[in-house]
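What follows is calculated from the coordinates using simple rules that are stated; it is not laboratory data. Because the structure is a prediction, the values reported are computed rather than measured. FYI the Cβ positions are ideal-geometry reconstructions off the backbone, even for glycines, and counts take in every protein chain you see.
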Amino acid sequence: MQINTDTDKQTFYQYVGERMSFTDFNTLYQRLGFTKRKTTSLLYNPCKIDLALMEQLSKILNEDLRKVIDRFEIGYDVFTARKYRELTQLNESKQVN
């Protein structure tokens, strides 16, 4: 696990935590169906998040996480190049409209 040494750079864990109430954040693991440890690990290592989990988190946060794929490197280790391209192109076309 990488330690964030850049104090200006927000982690995905912090990003999710800021968008939820304290109680909701502490019970997030239950809503995702994972253990606390696995949930924490995924939030600190968003490159391991798969598409299904990204969509589930998007619904919980009421926010489209495709706009922050590159910022937090979400799914970099599990998305295929084709899926990544589809997700980012879809996001770019939404920004143009």
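So here's what we get for this one:
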read-out	value
Virtual spin-label span in nm between T35 and I60, 7 Å along Cα→Cβ	1.7
Förster radius 22 Å - calculated FRET efficiency between Q10 and D70, Cβ distance, rounded to 0.05	0.95
Cα-based Lys proximity count in segment 12-96, under 24 Å, for pairs eight or more positions apart or on separate chains	15
T23/R82 FRET efficiency (R0 35 Å; Cβ-Cβ; nearest 0.05)	0.35
